[in-house]
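Input: a single structure, listed below in structure tokens.
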Amino acid sequence: MSMPTVVDPIDPLLLVAILFAAVAVVLLAVLATGKRRARTAALAERFGDEYGRAVGRARSRRRAEEELSRRVEERRGYTPRPLDAEERDAFQGRWDALQPRFVDGPAVAARAAFELVTEVAVTRGYPSDATDRCLDGISVDHPELVADLRRSWAGSREWATTEHHRASFVHARALFDRLLADGAPPDPTVACPPAPALSADAAADAGGEEPRGRLADPAV
């Protein structure tokens, strides 16, 4: 007869070590999941609609969050300066001269308004090498205004109706005002002028040749 096989008992210390290792793996997984969820919540809250745009363009939540995190990190590398009084007055004067042009040429005026916004941003110290990088930088500070501008600009380019140009112009004005006001002494006596009116010709989608800007159109 063969002798029965004797199985050595498991060392209690080894069993405890295995259990601790298993628990540690589970805890690390839970912590990693919690960290990802916390980052998602923080970025979504910070960027609002711009978060959804980034996810849609990247077709991946992870890649979109990496891109938004890159924007935040890049933005920490510079500090936009407030405009001095002379610069604010000069930019305000250019906008005041631009607004009446919308009546007879909404497409041209909307494009010029967008270019003026980027010029103000670059003057303040936001990235100047590309329109998208400039808007990406602004989106860290003013995400909803940038999201509105990008969305309306996309509609203006795709549909090219007067109302779409008007929406683009109005959202450009909102961001223009914010960039001018950042760091400036508050002036409660200044009221925002009304949105540009439409002439009969503009209602028929009158436009003209778009001006050539230094910066390219934003990606949408």
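The values are calculated or read from the model by the stated rules, or taken from the named source; none is laboratory data. None of these values were measured; they are calculated from a predicted model. Neighbour counts are summed over all protein chains in view; Cβ atoms, including those assigned to glycine, are modelled from backbone coordinates with ideal geometry.
Tell me whether region 119-131 contains one or more residues that are assigned to a helix (DSSP H, G or I) and charged (D, E, K, R). Yes, there is a match, as at least one residue in region 119-131 is assigned to a helix (DSSP H, G or I) and charged (D, E, K, R).
Quick one: is VAL117 of a type in the set (Val, Ile, Thr), touching a residue at least 24 places away in the same chain (Cβ under 8 Å) and surrounded by 20 or more Cβ atoms within 10 Å (Cβ to Cβ)? Can you show your working first?
On the way: of a type in the set (Val, Ile, Thr): yes; touching a residue at least 24 places away in the same chain (Cβ under 8 Å): yes; surrounded by 20 or more Cβ atoms within 10 Å (Cβ to Cβ): yes.
It is true that VAL117 is of a type in the set (Val, Ile, Thr), touching a residue at least 24 places away in the same chain (Cβ under 8 Å) and surrounded by 20 or more Cβ atoms within 10 Å (Cβ to Cβ).
Listed by first and then second residue, the pairs linking a residue in region 22-41 that is surrounded by 10 or more Cβ atoms within 10 Å (Cβ to Cβ) to a residue that is assigned to a helix (DSSP H, G or I) and modelled with pLDDT of 75 or more, with Cβ atoms under 9 Å apart and 6 or more places separating them unless they lie on different chains, are ARG36/ARG62; ARG36/GLU65; ARG39/GLU65; ARG39/SER69; THR40/TYR51; THR40/ARG61; THR40/GLU65.
The set of residues in region 120-141 being surrounded by 19 or more Cβ atoms within 10 Å (Cβ to Cβ) and out of contact with any Cys (no Cβ under 9 Å at 6 or more places or on another chain) consists of VAL120, ARG124, THR131, CYS134, LEU135, ASP136, GLY137, ILE138, SER139, VAL140.
Screening region 142-183 for residues that are in contact with a helix residue (DSSP H, G or I) (Cβ under 8 Å, 6 or more places away or on another chain) and not in a helix (DSSP H, G or I) and picking the one that is surrounded by the fewest Cβ atoms within 10 Å (Cβ to Cβ) gives ALA160.
Residue-level check: of (1) more than 23 Å from ALA54 (Cβ to Cβ); (2) modelled with pLDDT under 95, PRO127 misses just (1). Once region 151-176 is narrowed to residues that are under 14 Å from the mean Cα position of the chain (by Cα) and at pLDDT 90 or above, the residue that is nearest to ARG101 (Cα to Cα) is ALA172.
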